[in-house]
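Participant: Just dropping this structure here.
The values are calculated or read from the model by the stated rules, or taken from the named source; none is laboratory data. What you see is a predicted model; the values in this text were computed from it and never measured. With ideal geometry, Cβ positions are generated from the backbone for all residues, glycine too; neighbour counts draw on all protein chains shown. When the accessible area is computed, the model is the full protein with side chains, heavy atoms only, and any ligands, DNA or RNA have been set aside. Shrake-Rupley method; radii C 1.70, N 1.55, O 1.52, S 1.80 Å.
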Amino acid sequence: MIAKWQKPAAAAVVLLALVALPAQAQKTKLTVYTALENDQLAPFKSEIEKAVPEADIEWVRDSTGVVTARFLAEKDNPKADIVMGLAASSLLLFKKAGLLEPYQPKGVEALKPAFRSSDGSWVGQDAFLGVICFNTVEGQKAGLEPPKSWADLTAAKFKDKLVMPHPASSGTGYLTVAAWLQMWGDDNGKGGGWKYMDALHQNIAVYTHSGSAPCVQAAKGERVAGISLDMRGAREKTAGAPIEVISPLEGIGWDMEAFAIVKGSSKTELAKRVADWAVTKAANELYSRYYAVVAHPEVKNTPKNYPTDAEARMAKVDFQKMADDRERVLAEWSRRYEAKAAPKN
């Protein structure tokens, strides 16, 4: 039994609990399609919800190619409210299909020009690059010197010792293929880029469905070299793997992770608040924990063992062309090379 003098206090506790319930109930779920790495999801969710307390971030995460295909398949009935941490070349496809809600976030003018779309349909976050992870121990056993160029990877000694990401599954895979085609020629399957890939294919053991996996395999000594994500290379080397992270002389492909609001979302106003956060210096400092090149010019964080020449070797890439050519290029690539694709989980 509650004593008379306890009743007001007990009533106050009940009242406070009732007041707190609506505040919690006011949190709104935002479904976010992403290709962020799994270890990034919790930190991103925490920082977004700290900046926008009304938001409850629910991730739908997969590799770039899978997320891109899923989003396009849902175009008549979008399930996402936001796209974050997905390749800009994919977002340009979405823009072309009329699936993005233009919005210029507050403070977007402070970002590097390359990371801003003119119509506000998307905003860049950070850049990811395709490099070579070369295992020096396994290379020495095979009598191989570290490659300096893409051409070096076509040497007969590399047969079955290379691995690279499947471009339909991995953003790193597609940006690498797109750069080769833009640098050396496409010509509907007859250009120099395809001739290079024909030669490289002879040395590929498997095409993985992850941009990080080739470097992980090279780091473990399962392969001599892997074409992979720049930051994964730096991370594996810092963890003690006997690898060199190489930016080939001819130039390296790259893309940027970007953010966009999905057209037709019933939560556009809340999504805009997340977009405002996404361009802040604080958000870019979060991106820089995982990427060497970010959108905000005042945020710099070169990771340990990151290749010093990587940014200088970034090829001149036409992202709109990457987006426009994607379906045709992937169909041609699969026709030629799908036999060595890893089984899908």
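Participant: Of all residues in segment 281-306, which are within 22 Å of Leu91 (Cα to Cα) and in contact with a helix residue (DSSP H, G or I) (Cβ under 8 Å, 6 or more places away or on another chain)? Reasoning before the result, please.
Facilitator: Filtering segment 281-306 for residues within 22 Å of Leu91 (Cα to Cα) gives 283-284, 286-288, 290-296.
If the condition is that a residue be within 22 Å of Leu91 (Cα to Cα) and in contact with a helix residue (DSSP H, G or I) (Cβ under 8 Å, 6 or more places away or on another chain), then Ala283, Leu286, Tyr290, Tyr291, Ala292, Val293, Val294, Ala295, His296 are the ones that fit.
Participant: Scan segment 174-193 and give yes if some residue there is touching a strand residue (DSSP E or B) at 6+ places or on another chain (Cβ under 7 Å) and either within 26 Å of Pro242 (Cβ to Cβ) or not small (Gly, Ala, Ser) (or both), otherwise no.
Facilitator: yes
Participant: A follow-up question, please. Looking only at segment 239-265, count how many residues are free of Cβ contacts under 8 Å to residues at least 24 places away in the same chain and more than 22 Å from the chain's Cα centre (by Cα).
Facilitator: Keep residues of segment 239-265 that are free of Cβ contacts under 8 Å to residues at least 24 places away in the same chain, which gives 239-240.
From what's left, more than 22 Å from the chain's Cα centre (by Cα): 240.
So the count comes out to 1.
Participant: Please go through segment 295-306 and pick out each residue that is in contact with a Leu (Cβ under 9 Å, 6 or more places away or on another chain) and surrounded by 17 or more Cβ atoms within 10 Å (Cβ to Cβ).
Facilitator: The initial filter retains those residues of segment 295-306 that are in contact with a Leu (Cβ under 9 Å, 6 or more places away or on another chain), namely 295-297.
Result: Ala295, His296.
Participant: Out of the residues in segment 317-345 that are assigned to a loop (DSSP other than H, G, I, E, B), out of contact with any strand residue (DSSP E or B) (no Cβ under 7 Å at 6 or more places or on another chain) and in contact (Cβ under 8 Å) with a residue 24 or more places away in the chain, which is least open to solvent (accessible area, probe 1.4 Å)? Even if it seems obvious, please write down each step before you answer.
Facilitator: Filtering segment 317-345 down to residues assigned to a loop (DSSP other than H, G, I, E, B) leaves 317-318, 342-345.
Checking which are out of contact with any strand residue (DSSP E or B) (no Cβ under 7 Å at 6 or more places or on another chain) leaves us with 318, 343-345.
Checking the rest, the ones that are also in contact (Cβ under 8 Å) with a residue 24 or more places away in the chain come to 318, 344-345.
Working: Asp318: 75, Lys344: 156, Asn345: 199 Å².
Restricting to residues being assigned to a loop (DSSP other than H, G, I, E, B), out of contact with any strand residue (DSSP E or B) (no Cβ under 7 Å at 6 or more places or on another chain) and in contact (Cβ under 8 Å) with a residue 24 or more places away in the chain, the top hit is Asp318.
Participant: Across segment 108-156, which residue is least open to solvent (accessible area, probe 1.4 Å) among those that are assigned to a loop (DSSP other than H, G, I, E, B) and of a type in the set (Phe, Trp, Tyr)? Lay out the reasoning, then the answer.
Facilitator: At the first step, the residues of segment 108-156 found to be assigned to a loop (DSSP other than H, G, I, E, B) are 111-112, 117-122, 142-150, 155.
Next, from what is left, pick out any that are of a type in the set (Phe, Trp, Tyr): 122, 150.
Numbers: Trp122: 26, Trp150: 1 Å².
Going through the qualifying residues, I end up with Trp150.
Participant: Just to check your reading of the model, which residue among Leu92, Leu72 is open to solvent by less than 50 Å² (accessible area, probe 1.4 Å) and on the phi < 0 side of the Ramachandran plot? Steps first, please.
Facilitator: Values: Leu72 fails: open to solvent by less than 50 Å² (accessible area, probe 1.4 Å).
Result: Leu92 is the single residue among Leu92, Leu72 that is open to solvent by less than 50 Å² (accessible area, probe 1.4 Å) and on the phi < 0 side of the Ramachandran plot.
Participant: Here's a follow-up. Do the conditions hold for Asn301, that is, is it under 26 Å from His209 (Cβ atoms) and not in a helix (DSSP H, G or I)?
Facilitator: Numbers: under 26 Å from His209 (Cβ atoms): no; not in a helix (DSSP H, G or I): yes.
It is false that Asn301 is under 26 Å from His209 (Cβ atoms) and not in a helix (DSSP H, G or I).
Participant: If Tyr103 satisfies every condition in (1) farther than 26 Å from Tyr290 by Cβ; (2) assigned to a loop (DSSP other than H, G, I, E, B); (3) open to solvent by 20 Å² or more (accessible area, probe 1.4 Å) but one, which is the exception?
Facilitator: (1)
Participant: Looking at segment 26-46 only, could you name the residues that are part of a helix (DSSP H, G or I) and surrounded by fewer than 15 Cβ atoms within 10 Å (Cβ to Cβ)? Talk me through it step by step, then tell me what you get.
Facilitator: Here is the first cut: in segment 26-46, the ones part of a helix (DSSP H, G or I) are 38-46.
Selection gives Asn38, Asp39, Ala42, Pro43, Ser46.
Participant: Separate question: When the residues of segment 277-289 are narrowed to those that are assigned to a loop (DSSP other than H, G, I, E, B) and open to solvent by 30 Å² or more (accessible area, probe 1.4 Å), which ends up nearest to Asn77 (Cα to Cα)? Give the steps one after another, and end with the answer.
Facilitator: The first filter runs over segment 277-289 and keeps only residues assigned to a loop (DSSP other than H, G, I, E, B), leaving 279-280, 288-289.
Adding the requirement that they be open to solvent by 30 Å² or more (accessible area, probe 1.4 Å) leaves 280, 289.
Numbers: Thr280: 31, Arg289: 35 Å.
Result: Thr280.
Participant: Tell me the helices (runs of 4 or more DSSP H) entirely within segment 183-276 that contain at least 2 residues that are open to solvent by less than 10 Å² (accessible area, probe 1.4 Å) and out of contact with any Gly (no Cβ under 7 Å at 6 or more places or on another chain). Reasoning before the result, please.
Facilitator: Working: elements: 192-201, 213-219, 230-238.
Once the helices (runs of 4 or more DSSP H) in segment 183-276 are filtered for at least 2 residues that are open to solvent by less than 10 Å² (accessible area, probe 1.4 Å) and out of contact with any Gly (no Cβ under 7 Å at 6 or more places or on another chain), what remains is 192-201, 230-238.
Participant: To continue, here is another question. Can you pull out the residues in segment 157-177 that are at pLDDT 95 or above and open to solvent by 10 Å² or more (accessible area, probe 1.4 Å)?
Facilitator: Lys157, Lys159, Asp160, Lys161
Participant: Take the residues in segment 47-64 that are assigned to a helix (DSSP H, G or I) and open to solvent by less than 60 Å² (accessible area, probe 1.4 Å), then tell me which one is modelled with the lowest pLDDT. Spell out the reasoning first.
Facilitator: So the first thing to find is which residues in segment 47-64 are assigned to a helix (DSSP H, G or I), and the list is 47-51, 64.
Restricting the remaining residues to those that are open to solvent by less than 60 Å² (accessible area, probe 1.4 Å) gives 47-49, 51, 64.
Values: Glu47: 98, Ile48: 98, Glu49: 98, Ala51: 98, Thr64: 87.
Selected residue: Thr64.
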